[in-house]
1. Please indicate, with yes or no, whether at least one residue in region 153-167 is open to solvent by less than 80 Å² (accessible area, probe 1.4 Å), touching a residue at least 12 places away in the same chain (Cβ under 8 Å), touching a Phe, Trp or Tyr at 6+ places or on another chain (Cβ under 6 Å) and part of a loop (DSSP other than H, G, I, E, B).
2. Does Lys204 meet the test of being in a helix (DSSP H, G or I), surrounded by fewer than 16 Cβ atoms within 10 Å (Cβ to Cβ) and either of a type in the set (S, T, N, Q) or at pLDDT below 85 (or both)?
3. Please specify each residue of region 390-448 satisfying the condition of being under 30 Å from Thr250 (Cβ atoms), charged (D, E, K, R) and out of contact with any Pro (no Cβ under 8 Å at 6 or more places or on another chain).
4. Which condition does Val480 not pass, out of (1) part of a strand (DSSP E or B); (2) surrounded by fewer than 15 Cβ atoms within 10 Å (Cβ to Cβ), if it passes all the others?
5. Just the residues that are polar (S, T, N, Q), surrounded by fewer than 21 Cβ atoms within 10 Å (Cβ to Cβ) and more than 14 Å from Val494 (Cα to Cα), please, taken from region 521-545.
6. Could you pull out every one of the strands (runs of 3 or more DSSP E) wholly within region 517-559 that has 2 or more residues that are more than 29 Å from Asp463 (Cβ to Cβ)?
7. Considering only region 404-440, state which residues are of a type in the set (A, V, I, L, M, F, W, C), more than 23 Å from Leu466 (Cα to Cα) and assigned to a helix (DSSP H, G or I).
Amino acid sequence: MLLSPRIVIAVLIYLSVLLFDCSLPLGVAGGVPYVAFVMVGLWFSRPYVTVILAVLGSAGTLIGYFYSAPEGVHWMVLTNRGLAIFVIWVTAVLIIRHKIDTADLEQAATVFNEVAGGIIVTDARNIITKVNPGFSRITGFSPDEVIGKNPNMFQSGLQDKNFYRRMWRSISVTGAWHGEIWSKNRAGEIFPEKLSIVAIKDRKGAILKHIGLFQDISEQKNTEATLRKKSQILQLLHATAQHANSAKTTEAALQATLADICAYTGWPVGRVYLPFINPKQRLLPAEISHLEQDPLLLPFQQEIEQTVFEPGQGLPGRVLASGKSEWLADVSQDPHFSKTQSATKAGIKTGYAVPVLAQAEVAAVMVFFAREATEPEQDLAQVLDSAGRQLGLLFERKQAEQQLQHLANHDSLTGLPSVRLAMDRLTGALAVSRRNLTQAALMFVDLDGFKKVNDNLGHRAGDLLLQGVAQRLGACVREVDTVARIGGDEFLIVLTNIEGRETAETIAKKLLEVCSLPFKLDARQAQIGISIGIALYPEHGDNADQLIKKADKAMYRVKRQGKNNLLFATNDES
């Protein structure tokens, strides 16, 4: 194993000193040369090398004492040797201490220079004396630009004087402060940082310097903001789904969703428009809105709640026509936005409209307005579209419920009320007549010749005939009256609040007339008649069962007498 040059030199020095000491008379050389030998330890990084050198130096001193020429004063030389050994070890200790301190300083310097965060050192007057490379990476300032200046040059202005007063009070009392603060970099950009300040004091408690350690936490803040926003979005989606699932009416769900979206976005105005067909589709403002408490918004709100939109007209109309969301970044720049003047006075800048789709049809349009001119945000747009879809499912469910209810109360072929609904309508009509002291009439209608059409022309022709009869019967009565199909070719007609027998007879004759005209059944025609039995309230009975029985018997009397006619019930029929 080859020895290092330093070890070889150290050995040569030791042998030279030992030879020199032994060759001189006793007491001349003494132990001083060995002190120089021990100082060779400065060449080596390991402290134990210095210990070895001190041991060798001490041994050399004793060897030199015994092997030197006997000339000299014995006790003086002995004392000299003892002092030499003492100096040797003192020197060794100092060298070791120096090495340890040097290693600590090197380690501290490494940490100071390599740490990712920023370090700033100030004197007792809070003047910057030193900064590390991490400081320059974060702030953009070089050391020459900040040394000799006060750290208040980095203040962002987002914290007031009370904030800094409390911070320095904490440093003065506890010797440290930890927290988050907004600072300004060289480019003038404001960024958040996590800062720790420690006061370094002497033994008497006087402050010598301050050391500040900080980290740029912009990425952490952005992550927190993103997570917070996602959490709010999930809460909004959950609330919308809850409204869609638990609301008793579509209006209640729309109102709750409108309020939630405005609360989430901070938008001051929200409005719902519902489609109306008369005769073509248009959007009418519904009594569903959200308005921030601000008098400046009232004129704008009043204007939009009085406006009807045609397909393609205005922001809601475009959504009605396309079935897709529309974002109007700046209403003042849109030539098709008709409320620019009132919007400008109210401070409105941005508009956003979201469709509520049910079975791919626009069931409602939610319109929002904001005071900031912004570009569409993808996350927000997705949330609003999702809210529209959730509400659309509610509309579909309500429509399905209405269809089921309609099927339960109406004839599937003709669309006329069923027997159950007809009885409800008859009971209601009797209640109205009883309260108003007026009359009501019940007509029992049976088709003459329906079986022949059904047998000769087929069931489809029979179905078409029943549908045609239903349309003609309905066209002869008022909206307050009821036409119902109660059997294969049997119908009930309830006349509400009539003046007397003459009114019922006039309507019955009209029914005979229109039903005697030919019916077109695909490529064929058919002609039938009808037999009508009429019972009057209160003349022929005061409840539904009595009137139905008597009208039915009157209708059968018509059948026996030749059909295609009308007859009133008689009180002797039971």
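The values are calculated or read from the model by the stated rules, or taken from the named source; none is laboratory data. Note that the coordinates shown come from a computational prediction; the quantities given were computed from them, not determined experimentally. For neighbour counting, all protein chains shown are included, and Cβ atoms are generated from backbone atoms with ideal geometry for every residue, glycine included. These area figures cover heavy atoms from the full protein model, side chains too; ligands, DNA and RNA do not enter into them. Shrake-Rupley method; radii C 1.70, N 1.55, O 1.52, S 1.80 Å.
1. Checked against the condition, which is being open to solvent by less than 80 Å² (accessible area, probe 1.4 Å), touching a residue at least 12 places away in the same chain (Cβ under 8 Å), touching a Phe, Trp or Tyr at 6+ places or on another chain (Cβ under 6 Å) and part of a loop (DSSP other than H, G, I, E, B), region 153-167 yields at least one hit.
2. No.
3. Passing the criteria: Glu396, Arg397, Lys398, Glu401, Arg420, Asp424.
4. (1)
5. Those that are polar (S, T, N, Q), surrounded by fewer than 21 Cβ atoms within 10 Å (Cβ to Cβ) and more than 14 Å from Val494 (Cα to Cα): Gln525, Gln527.
6. Output list reads 529-537.
7. Passing the criteria: Ala429, Leu430, Ala431, Val432.
Residue-by-condition table, conditions (1) under 23 Å from the mean Cα position of the chain (by Cα); (2) surrounded by fewer than 17 Cβ atoms within 10 Å (Cβ to Cβ):
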residue	(1), (2)
Ala253	yes, no
Ala256	yes, no
Cys262	yes, no
Pro311	no, no
Leu315	no, no
Gln333	no, yes
Lys339	no, no
Thr344	no, yes
